[in-house]
Amino acid sequence: MVILVTGGAGFIGSHTCTELLEGGYEIVVLDNFVNSRPGTLGHIEEIARREFPFYAVDLLHEQALRRIFKERRIDAVIHFAGLKAVGESVRHPLWYFHNNITGTLNLCSIMAEFGCKRMVFSSSATVYGIDSNEPISEEATPRTPINPYGKTKLMIERILGDICVSDPEWSVVSLRYFNPAGAHTSGLIGEDPKGIPNNLLPYIAKVANGELEKLSVFGDDYDTPDGTGIRDYIHVVDLAKAHICALRYAFAHTGQDVINLGTGMGYSVFEIIAAFERASGKKIPYQVAPRRPGDLAVCYANPSKAKSVLGWSAERDLDAMCFDIWHYTQRRG
Ligand code: WQD
């Protein structure tokens, strides 16, 4: 079975490639390195002790994309490639809509051209846009997300849904991630955003490592037990394993299904700081700053559908997540 992984050099993509190779799948990887590094490909091969073909191709380049499908017999696609920084999407909406949506349209057209109609799509819990003290289930109606990044994810889900309606041979599993974090236990691959990180754990890791001076805690006056925002952080290796289950499911059903990937546990910013201090043995200096516009107080998953439909649930806890990030940060230097 040959799986095309778009965005395979990225954070979640690289961990999923490793799991696919270890699971005996053949993979073909595509990436344009807009937010990833070529060196990651060698690290994936080192972990899995297997090699794979790679294409430095952008989804916006239809001809180059078509060439991949001409050269390889692709059975299914795991589609990660996309821009994902919330703040950047607010500043550059056209870039985000063009890149994420046109890229996906190109991919789907070429897949259809070659009779490849199975996809696992990297979506996001951001499509819910709900602030709730209840865990969020898939039945919750997506609201229009607040930023262009989130809108691209919701629009793509809807496009994929319409493709499935138009042609009953299509099968799509859209995975709505909560807050991916962590790194591979080898310390070889992990999250290494270019520039100053937007997300909490990569930022904390750089503070612990002395690369950044201190963390700004965005608001300590939310209606939560310690006043800071609560999120459902999920270990990237658990997330990667869920993609293998989703791929199997994509071969067993048709139409689009959407599934939450989270742990069902919420942690506050202060709890995350404490966990990282335990894992690293470092003090994390912080200051309380104003709330970040667009942030929710609480967001965590009801993960029961993933358990019943995919037979998957998260196994790694917060301490493992922080430990693996710290190990990766130190190895990276
Ligand atoms: C987590 C918590 C912040 C940074 C975003 C996207 C979402 C998804 C994942 C992916 C919040 C607080 C953060 C900091 C802080 N996208 N925080 N200081 O906002 O839940 O989700 O990433 O590709 O679509 O919106 O994650 O890690 O940015 O924030 O206090 O320097 O940490 O306020 O409570 P978020 P996050």
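Run down R50, R66, R37 and say which single residue is open to solvent by 20 Å² or more (accessible area, probe 1.4 Å) and not in a loop (DSSP other than H, G, I, E, B).
R66
Does I244 meet the test of being modelled with pLDDT of 95 or more, away from the ligand (no atom under 16 Å from the Cβ) and not in a loop (DSSP other than H, G, I, E, B)?
Yes, satisfied.
Can you report the number of residues in the range 79-99 which are among the aliphatic types (A, V, I, L, M) and under 18 Å from S109 (Cβ atoms)?
Matching residues across the range 79-99 total 1.
Scan the range 228-251 and tell me whether some residue there is loosely packed, with under 15 Cβ neighbours inside 10 Å, touching a strand residue (DSSP E or B) at 6+ places or on another chain (Cβ under 9 Å) and closer than 28 Å to W312 by Cα.
Yes, the conditions are met somewhere in the range 228-251.
Look through Y249, Y267, Y233 and report the one residue that is within 9 Å of the ligand (Cβ to nearest atom) and at pLDDT 95 or above.
Details: Y249 fails: within 9 Å of the ligand (Cβ to nearest atom); Y267 fails: within 9 Å of the ligand (Cβ to nearest atom).
Result: Y233 is the single residue among Y249, Y267, Y233 that is within 9 Å of the ligand (Cβ to nearest atom) and at pLDDT 95 or above.
Pairs, please: C-beta under 7 Å, at least 6 apart or cross-chain, first residue assigned to a loop (DSSP other than H, G, I, E, B) and in the range 309-333, second of a type in the set (S, T, Y)?
From residues that are assigned to a loop (DSSP other than H, G, I, E, B), the pairs are A314/T263.
Please pick out the residue among P290, P285 that is at pLDDT 95 or above, in contact with a helix residue (DSSP H, G or I) (Cβ under 8 Å, 6 or more places away or on another chain) and open to solvent by 50 Å² or more (accessible area, probe 1.4 Å). Step through it out loud before you land on a result.
Numbers: P290 fails: in contact with a helix residue (DSSP H, G or I) (Cβ under 8 Å, 6 or more places away or on another chain).
Step by step, each of P290, P285 is checked, and only P285 is at pLDDT 95 or above, in contact with a helix residue (DSSP H, G or I) (Cβ under 8 Å, 6 or more places away or on another chain) and open to solvent by 50 Å² or more (accessible area, probe 1.4 Å).
Would you pick out the residues in the range 96-107 that are more than 16 Å from the ligand (Cβ to nearest atom) and open to solvent by less than 10 Å² (accessible area, probe 1.4 Å)?
Across the range 96-107, the qualifying residue is only L107.
If I filter the range 2-12 for residues that are outside any loop (DSSP other than H, G, I, E, B), among the small types (G, A, S) and farther than 19 Å from A246 by Cβ, do I get at least one hit?
No, that holds for no residue.
Does the range 79-95 hold any residues that are open to solvent by less than 50 Å² (accessible area, probe 1.4 Å) and within 12 Å of the ligand (Cβ to nearest atom), and which are they?
Listed by number, the residues that qualify are F80, G82, L83, A85, G87, S89.
If you take the residues in the range 180-201 that are within 13 Å of the ligand (Cβ to nearest atom) and crowded, with 20+ Cβ neighbours inside 10 Å, which one is farthest from V269 (Cα to Cα)?
That would be E191.
Starting from the range 20-45, keep only residues that are on the phi > 0 side of the Ramachandran plot, then list their pairs with residues that are open to solvent by less than 40 Å² (accessible area, probe 1.4 Å) whose Cβ atoms are within a distance under 9 Å, requiring at least 6 positions of separation or different chains.
Every condition considered, the pairs that remain are F33/A9.
How about the range 136-179: which of its residues are away from the ligand (no atom under 15 Å from the Cβ), surrounded by fewer than 20 Cβ atoms within 10 Å (Cβ to Cβ) and either charged (D, E, K, R) or assigned to a loop (DSSP other than H, G, I, E, B) (or both)?
S137, E138, E139, A140, T141, R158, D162, D167, P168, E169 - these are the residues of the range 136-179 that are away from the ligand (no atom under 15 Å from the Cβ), surrounded by fewer than 20 Cβ atoms within 10 Å (Cβ to Cβ) and either charged (D, E, K, R) or assigned to a loop (DSSP other than H, G, I, E, B) (or both).
When you go through (1) in contact with a Phe, Trp or Tyr (Cβ under 9 Å, 6 or more places away or on another chain); (2) within 16 Å of the ligand (Cβ to nearest atom) one by one for M111, which number turns out not to apply?
Looking at each condition in turn, M111 falls short on (2).
Being touching a Gly at 6+ places or on another chain (Cβ under 9 Å) and charged (D, E, K, R) is the filter here, so list the residues in the range 196-240 that pass it.
D220, D221, R231, D232, D238
The values are calculated or read from the model by the stated rules, or taken from the named source; none is laboratory data. On a predicted model such as this, the values are computed, not experimentally measured, just so you know. As a convention, Cβ positions derive from the backbone with ideal geometry for all residues, glycine included, and neighbour counts pool all protein chains shown. These area figures cover heavy atoms from the full protein model, side chains too; ligands, DNA and RNA do not enter into them. Shrake-Rupley method; radii C 1.70, N 1.55, O 1.52, S 1.80 Å.
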